[in-house]
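Participant: Take a look at this one; I'll ask things after.
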Amino acid sequence: MTGIVFDIDDTLYVRQDMIVAAAEDVLGIKVSDPKEFIDIYYAKSDINMDALESGRIKTRDINGWRYEETFRILELPFKAGDGVLTADRYIELQSHMALSRDMKEVLDAFRNDPAIRLAVLTSGKSSHQWKKVEMLGLLNWFDKDNIIVTGDAGISKPDVRLCRIIEEKLDLSPSDIWMIGDSYKHDITGAVESGWHSVWINRRGIRSPDIKADIEVASDEELIKALKGLIKSC
Ligand SMILES: [Mg+2]
């Protein structure tokens, strides 16, 4: 029996493109290096996660701040308030989010395999992450009880207690579980420390320190291939 645990953002669906597109729409410019934009935006995203999860800061305000910090560092033309407008535009774009056809196919195969148990472990505010669960139709593949949102749990990634909760829900040992995620810090370090296997989606080509994922992929095509490999090895 194998447990497969998915992160949501930039794992089950790709939000990076929407983050950049929102900025381009509001500022009326073309971002010349989307990868650099995402690197800066994500570096800013790590700063206030605790405050965000506990509800001390509103998502709209913090995302507005992240955007304006990114605009400032990249010397993009913006005025005060463009950050929150961009955050609003991102929410609009997000309402069209969907799983790729390949991802749906893999999830179908996992769901139909009696040797596989699925779960989700996602960071963020409860209401936002559950909205994504609904928009992506994740209940087609995942039991609601096996979807853990850190905002509900009151613990942030990469706290290993989150892994212990999932082990209990899936009734599996750490070595039988795979974490699939894009964040080295939030998804991979916690999984490795918990004794889980992991697939790291490293789209931005970040160099990892000493802790290694079992499998590292650089693109969505490679991710789908790696996931199909898990079906065979189970
Ligand atoms: Mg993620």
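Participant: Counting other Cβ atoms within 10 Å, which trypsin sites (Lys or Arg not before Pro) in segment 6-38 have at most 11 and lie in a DSSP loop? Write out the running numbers ahead of the final one.
Facilitator: Values: sites: Arg15, Lys30, Lys35; in loops: Arg15, Lys30.
Loop-located and lightly packed - Lys30.
Participant: Also: Within segment 71-169, what whole-number % of the accessible surface is contributed by carbon and sulfur, with the 1.4 Å probe and all protein chains included in the calculation? Before the final figure, lay out each step's value.
Facilitator: Values: 2550 of 5140 Å².
Carbon and sulfur together cover 50 percent of it.
Participant: Computed over the Cα atoms of the chain, what is the ratio Rg over Rh, Rh following Kirkwood?
Facilitator: Numbers: Rg = 17.6 Å, Rh = 18.3 Å.
That ratio is 0.96, to two decimals.
Participant: Starting from the Cα-Cα distance between Asp25 and Met1, subtract it from 0.36 nm times their residue separation and give me the gain in nm to one decimal.
Facilitator: On the way: separation 24, 0.36 × 24 = 8.64 nm, distance 4.65 nm.
Here the answer is 4.0 nm.
Participant: On to the next question. For a label point 7 angstrom out from the Cα of Arg161 toward its Cβ, which stretches of segment 196-222 have the backbone nitrogen within less than 17 Å?
Facilitator: The answer is none.
Participant: From the helices alone, meaning DSSP H stretches of at least four residues, give me the mean residue ellipticity at 222 nm for the chain, per-run term -39500 (n - 2.57), in deg cm²/dmol to the nearest 500.
Facilitator: Values: 11 runs with 112 residues, N = 234.
Estimated from H runs of four or more residues: -14000 deg cm²/dmol.
Participant: Lysine pairs in segment 75-234 8 or more apart or on different chains: how many have alpha carbons under 15 angstrom apart?
Facilitator: Details: Lys104/Lys225; Lys104/Lys228; Lys125/Lys157; Lys131/Lys144; Lys132/Lys144; Lys144/Lys169; Lys157/Lys185; Lys185/Lys212.
Pairs that pass both the separation and distance tests number 8.
Participant: Lys/Arg Cβ at +1, Asp/Glu Cβ at -1, dipole of segment 16-94 taken about the Cα centre: which of Phe71, Ser54, Ile19 is farthest positive-ward?
Facilitator: Of the candidates, Ser54 comes out farthest on the positive side.
Participant: Now for a different question. Quick one: divide the alpha-carbon radius of gyration of segment 126-234 by 2.2 N^0.38 Å and tell me what you get.
Facilitator: On the way: Rg = 14.1 Å, N = 109, 2.2 N^0.38 = 13.1 Å.
Ratio of Rg to 2.2 N^0.38 Å for segment 126-234: 1.08.
Participant: How high is the FRET efficiency from Ala43 to Asp143, r the C-beta distance, R0 30 Å, rounded to 0.05? Walk me through the numbers before you get to the answer.
Facilitator: Numbers: r = 34 Å, r/R0 = 1.15.
E between Ala43 and Asp143, to the nearest 0.05, is 0.30.
Participant: Measuring from label point to label point, each 7 Å out along Cα→Cβ, what is the Lys212 to Glu168 span in nm?
Facilitator: Taking the simple label geometry, Lys212 and Glu168 are separated by 3.4 nm.
Participant: Put +1 on the Cβ of every Lys and Arg and -1 on every Asp and Glu Cβ in the chain; which of Ala109, Gly137, Ser198 then has its Cα farthest towards the positive end of the dipole?
Facilitator: Sorting the options by dipole projection puts first Gly137.
Participant: Can you give the accessible area per residue of segment 101-181, in Å², using a 1.4 Å probe? Write out the running numbers ahead of the final one.
Facilitator: Numbers: 3830 Å² over 81 residues.
Accessible area per residue: 47 Å².
Participant: Can I ask one more? Quick one: Debye curve from the alpha-carbon atoms of segment 16-94 only, equal weights, vacuum; give me log10 I(q)/I(0) at q = 0.18, 0.25 Å⁻¹ to two decimals.
Facilitator: Summing over Cα pairs of segment 16-94 leads to -0.66, -1.26.
Participant: Based on Cβ point charges of +1 for Lys and Arg and -1 for Asp and Glu, what charge dipole magnitude is obtained for segment 16-94 about its Cα centre, in debye rounded to the nearest 20? Mind dumping the intermediate values first?
Facilitator: Numbers: 10 positive and 16 negative charges, 41 e Å.
Dipole of segment 16-94, to the nearest 20 debye: 200 debye.
Participant: Now, a different point. Whole number in Å², please: accessible area per residue of segment 16-94, 1.4 Å probe, ligands, DNA and RNA not counted.
Facilitator: Values: 4060 Å² over 79 residues.
Roughly 51 Å² per residue, with all protein chains present.
Participant: Using the crude model of +1 on Lys and Arg Cβ and -1 on Asp and Glu Cβ, and no other charge, please compute the dipole size for the chain relative to its Cα centre, in debye to 20. It would help to have the intermediate numbers written out before the result.
Facilitator: Numbers: 31 positive and 41 negative charges, 43 e Å.
Here the size comes out at about 200 debye.
Participant: Additional query: Which GluC sites (Glu not before Pro) from segment 1-99 combine a DSSP loop assignment with at most 15 other Cβ atoms within 10 Å? Numbers along the way, then the final one.
Facilitator: Details: sites: Glu24, Glu36, Glu53, Glu68, Glu69, Glu75, Glu92; in loops: Glu75.
For GluC sites (Glu not before Pro) across segment 1-99 that sit outside H, G, I, E and B with at most 15 neighbouring Cβ atoms in 10 Å, the list reads Glu75.
The values are calculated or read from the model by the stated rules, or taken from the named source; none is laboratory data. What you see is a predicted model, and the numbers here were worked out from it, not measured in a lab. Neighbour counts run over all protein chains shown; Cβ positions are idealised from the backbone, glycine included. These area figures cover heavy atoms from the full protein model, side chains too; ligands, DNA and RNA do not enter into them. Shrake-Rupley method; radii C 1.70, N 1.55, O 1.52, S 1.80 Å.
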